[in-house]
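Participant: One structure follows; several queries about it will come next.
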Amino acid sequence: MPEGSRTPGSGATGDPPRSPAHAVAGVPPHAWPLERYRQHLRESVRDIRAFWEPVARREVRWMRPFTEVLDWDPPYARWFPDGRLNVSDNCLDRHREGSSRNKVAFYWEGELGERRTISYDDLYRDVNRLASALAARGFSPKDYAAIYLPMIPELPVTMLALARLGIPFTTVFSGFSARALGDRIRALGARILFTADGGYRRGRVVPLKGIADEAVATAPTVDTVVVARRTQLEVPSDRARDVDWVTLVESGEAYHPPFAAASDHLLYLLYSSGTTGVPKAIAHGTGGYLVHVTATMRWVFDPQPSDVFWCAADVGWVTGHSYLIFGPLSTGITSVMYEGALDHPTPARLWEIVERYGVSVLYTSPTALRGLRKSGEAPLRAHDRSSLRLLGTVGEAINPEVWEWYFREVGGGRCPIVDTWWQTETGGIMISSAPALASLPQKPGSATFPLPGIDADVVNERGEPAAAGEKGFAVIRQPWPGMLLRIQGDDERYRAAYWTRFPGCYYPGDYALRDPDGYFWFLGRADEVLKVAGHRLGTIEIEDALLTYPGVAEAAVCGRADEIRGEVPVAFVVLRSDTPATSTLADALRDHVAERIGKIARPEEVHLVHSLPKTRSGKIIRRVVKAVAEGRGDIGDLTTLEDGASVEEIRSALRSFARQIAPDAPPGESG
């Protein structure tokens, strides 16, 4: 599809949407054409308080209505500061008053193929009983909790029960090590840990209870460990500390009143994924966060009563918090929750699930799509995808070639794609098309426009607005409801990381540009830039060029020091399963980059590998790729690494290359 063309099936500009859009406060119940929508976006940021007030009153149920919209003491924002509410009440209680009481909240599927259908009433019952049982044991909003569970129904029940009690929590991905888990428990000062006997990951049993015990041994604040049964493994139990999940829930009362939390009451902490260094403890509040994720859930995904929504993310990451748990439940829709990896036990697993549950909205990462594309079209073509009406991407910019594959092969050329940009720190989606509000031409690879109430821009080195087409830095000029409260325990890092580069603006650390039509294009992290012979090149530009070569599924590019040119590009490439690794392919790829970008961007080396170092949320950890390519022994924090074998494979590829060009060199001297 040529850039700027309209997505088939999305309707010509001004046409009504597929079905009546959800009426949103301050927004008419129809999809605006492009120019009218752009006018609305400009109006929405002239007075952000006036814009967000009716949205907050409509989208969230308040136990005590707010009278003040925003207390802004840069760089700290308190949204709806005198209001009180409860996330559990908004996600469960208010739906019992209508037809959603017996509606399916989750279709859950385990990696081994087990299936459960969980209604809103089922969730309400278990959440209340767990909250009641915890309260009876003396847990209250003054305590903190850690969650170390696989993707099983006990996970959302735990999060909602803690929110019901006003107990802040951190959810730690169930693949993390004992050291990583212990670090987070100690940093939080958690009194209670929720875990399981084990979990399934790509056919293996992860011994979660053993890992949890090792972590708790370093965390003296923990006095209670709640253990869910998933694998039926025999695990050691400390009678004075450990509690069986089922026994605990069954001891609770059928109803426990929700805690009336202040709007800025800490809801949860999440540690950033570590793609750029030591993870940060990102703190999110209650009221502003819930307003943001509920409103953006409606605007971006246009949820219909009959929808089956699948955010294919792990709850250990912010995407799972915002658009698998809190956003969908707040809007009262049905979601899919899957325990395992999307390509296990076969590359068809994702498409099997889409067909089985009639998924209508699919939200996943470009990295996952590249991995699935690597297996070819046969796995997805074997399954019915006619239920799909909207596709979404999250986590990083999507390459135009992958966008085209997603649109053409997955959606059959009829499903619009919402390419969303946001971060752990922003809490919810910031820049994206919004099918519930506007009928927009789509541009493959562009995140489109900031959502209403989001004052985003692209600036140059001096902080001045960049010209159309000029590469610059993304910034947010005004506060927004879902923004982080702080970096827990490190105010100086909070200011330095986000607010000092461009004074008065939030700086997310991303390169971007706005084209002549005002569309945003994200070009990668600003710290992922090479300086080759005085020329600045973004690694994502070279990676995009590699992905246009037939048969290339994934690519990671880093710079390596060079005495003459300063830095030279080094590329690591994963091929599709149907593409042979010929002896001339590396040179062909180097020439291809030179042709697409220029000779200055030609990689010095191209290495073919089977996998790349990624976080468990699917992002390539480019700092690890660079550290290995430079031969550094210390490659930094690896607690979020999905598969350590990928690092060793890169090392092996570099050693092999060094032996080819210097066959007499002793093994290991290449770094």
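Participant: Take the residues in segment 380-393 that are closer than 23 Å to T346 by Cα and part of a loop (DSSP other than H, G, I, E, B), then tell me which one is nearest to the chain's Cα centre (by Cα).
Facilitator: It comes out as L388.
Participant: Would you call L160 closer than 25 Å to A313 by Cβ, in contact (Cβ under 8 Å) with a residue 60 or more places away in the chain and not hydroxyl-bearing (S, T, Y)?
Facilitator: Spelling it out, L160 is indeed closer than 25 Å to A313 by Cβ, in contact (Cβ under 8 Å) with a residue 60 or more places away in the chain and not hydroxyl-bearing (S, T, Y).
Yes/no matrix, rows are residues, columns are (1) within 24 Å of A161 (Cα to Cα); (2) in the same structural domain as S439 (by TED's automatic domain parsing); (3) not in a loop (DSSP other than H, G, I, E, B):
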| position | (1), (2), (3) |
| --- | --- |
| A215 | yes, no, yes |
| V225 | yes, no, yes |
| L233 | no, no, no |
| T247 | yes, no, yes |
| E253 | yes, no, no |
| I282 | yes, yes, yes |
| G288 | yes, yes, yes |
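Participant: Between a first residue in segment 355-379 that is under 17 Å from D314 (Cα atoms) and a second residue that is β-branched (V, I, T), which pairs have beta carbons less than 6 Å apart while being 6 or more apart in sequence or on different chains?
Facilitator: As it stands, the answer is S365/V394; P366/T393; P366/I398; P366/V402; L369/V402, since those pairs meet every condition given.
Participant: If you don't mind, another one. Do you know which residues across segment 249-261 are of a type in the set (A, V, I, L, M) and buried (at least 20 other Cβ atoms within 10 Å of the Cβ)?
Facilitator: V249, A261
Participant: Could you list, in sequence order, the residues of segment 558-609 that are within 32 Å of the chain's Cα centre (by Cα), assigned to a strand (DSSP E or B) and of a type outside the set (A, V, I, L, M)?
Facilitator: Within segment 558-609, C558, G559, R560, E567, P569, F572, E605, H607 qualify.
Participant: Report, ordered by the first and then the second residue, all pairs with beta carbons closer than 8 Å, sequence separation of six or more or different chains, a first member in segment 502-526 that is farther than 16 Å from G463 by Cβ, and a second member that is of a type in the set (S, T, Y) and modelled with pLDDT of 95 or more.
Facilitator: D515/S446; Y519/S446; Y519/T448; F520/S446; F520/T448; W521/S446
Participant: Does segment 314-369 hold any residues that are modelled with pLDDT of 95 or more, under 25 Å from A555 (Cβ atoms) and among the charged types (D, E, K, R), and which are they?
Facilitator: R349
Participant: Considering only residues that are in a loop (DSSP other than H, G, I, E, B) and either in contact (Cβ under 8 Å) with a residue 40 or more places away in the chain or more than 18 Å from R385 (Cα to Cα) (or both), which ones fall in segment 336-346?
Facilitator: E339, G340, A341, H344, P345 - these are the residues of segment 336-346 that are in a loop (DSSP other than H, G, I, E, B) and either in contact (Cβ under 8 Å) with a residue 40 or more places away in the chain or more than 18 Å from R385 (Cα to Cα) (or both).
Participant: Of all residues in segment 157-176, which are within 18 Å of P257 (Cα to Cα) and not in a loop (DSSP other than H, G, I, E, B)?
Facilitator: V157, T158, M159, L160, A161, L162, A163, R164, L165
Participant: Of the residues in segment 143-156, how many are assigned to a loop (DSSP other than H, G, I, E, B) and either within 20 Å of R230 (Cα to Cα) or of a type in the set (D, E) (or both)?
Facilitator: 6
Participant: When segment 427-486 is examined, which residues are found to be without any contact (Cβ under 8 Å) to a residue 12 or more places away in the chain and either touching a strand residue (DSSP E or B) at 6+ places or on another chain (Cβ under 7 Å) or over 21 Å from L537 (Cα atoms) (or both)?
Facilitator: Answer for segment 427-486, where residues must be without any contact (Cβ under 8 Å) to a residue 12 or more places away in the chain and either touching a strand residue (DSSP E or B) at 6+ places or on another chain (Cβ under 7 Å) or over 21 Å from L537 (Cα atoms) (or both): E464, P465.
Participant: Going by the structure shown, is F194 surrounded by 24 or more Cβ atoms within 10 Å (Cβ to Cβ) and either closer than 27 Å to A105 by Cβ or modelled with pLDDT under 95 (or both)?
Facilitator: So F194 passes the test.
Participant: Taking the options L641, L654, L575, name whichever one is modelled with pLDDT of 80 or more and crowded, with 17+ Cβ neighbours inside 10 Å.
Facilitator: Just one listed residue meets the conditions, L575.
Participant: Further question on the same structure: Against the conditions (1) part of a loop (DSSP other than H, G, I, E, B); (2) surrounded by 21 or more Cβ atoms within 10 Å (Cβ to Cβ), where does Y200 fall short? Just the number, please.
Facilitator: Among (1) part of a loop (DSSP other than H, G, I, E, B); (2) surrounded by 21 or more Cβ atoms within 10 Å (Cβ to Cβ), Y200 violates only (1).
Participant: Could we say that S322 is of a type in the set (G, A, S) and over 15 Å from the mean Cα position of the chain (by Cα) here?
Facilitator: no
Participant: Could you check, for segment 350-372, whether at least one of its residues is in a loop (DSSP other than H, G, I, E, B) and among the hydroxyl-bearing types (S, T, Y)?
Facilitator: Yes - at least one qualifying residue is present in segment 350-372.
Residues are listed down the side, and each one gets a yes or a no for (1) out of contact with any His (no Cβ under 8 Å at 6 or more places or on another chain); (2) closer than 16 Å to R241 by Cα; (3) acidic (D, E); (4) crowded, with 24+ Cβ neighbours inside 10 Å:
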| site | (1), (2), (3), (4) |
| --- | --- |
| R137 | yes, yes, no, no |
| P150 | yes, no, no, yes |
| L155 | yes, no, no, yes |
| T171 | no, no, no, yes |
| V206 | yes, no, no, no |
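Participant: Let me ask something additional. Is there any pair with a first residue in segment 73-94 that is farther than 27 Å from T158 by Cβ and a second that is among the hydrophobic types (A, V, I, L, M, F, W, C) and not in a loop (DSSP other than H, G, I, E, B) whose Cβ atoms are under 7 Å apart and which are 6 or more apart or on different chains, and what are they?
Facilitator: From residues that are farther than 27 Å from T158 by Cβ, the pairs are A77/L70.
Participant: Restricting to segment 389-402, name every residue that is modelled with pLDDT of 95 or more and more than 21 Å from G316 (Cα to Cα).
Facilitator: R389, L390, L391
Participant: Looking only at strands (runs of 3 or more DSSP E) that fall completely inside segment 408-527, which ones have 1 or more residues that are under 20 Å from the mean Cα position of the chain (by Cα), β-branched (V, I, T) and modelled with pLDDT of 95 or more?
Facilitator: 417-419, 472-476
Participant: Then there is this: Are any of the residues in segment 621-628 buried (at least 20 other Cβ atoms within 10 Å of the Cβ) and either modelled with pLDDT of 85 or more or part of a loop (DSSP other than H, G, I, E, B) (or both)?
Facilitator: yes
Participant: Let me ask another. V593 is checked against (1) surrounded by fewer than 23 Cβ atoms within 10 Å (Cβ to Cβ); (2) modelled with pLDDT of 85 or more and fails just one. What number does that condition carry?
Facilitator: (1)
Participant: Looking at segment 70-84 only, could you name the residues that are part of a loop (DSSP other than H, G, I, E, B) and surrounded by 20 or more Cβ atoms within 10 Å (Cβ to Cβ)?
Facilitator: Answer for segment 70-84, where residues must be part of a loop (DSSP other than H, G, I, E, B) and surrounded by 20 or more Cβ atoms within 10 Å (Cβ to Cβ): F80, G83.
Participant: Hey, among the residues in segment 290-314 that are assigned to a strand (DSSP E or B) and out of contact with any Pro (no Cβ under 6 Å at 6 or more places or on another chain), which one's nearest to I118 (Cα to Cα)?
Facilitator: Going through the qualifying residues, I end up with V308.
The values are calculated or read from the model by the stated rules, or taken from the named source; none is laboratory data. No experiment lies behind these values; they were computed from the predicted model shown. Heads up, the Cβs are rebuilt from the backbone with ideal geometry, glycines too, and the neighbour counts pull from every protein chain shown.
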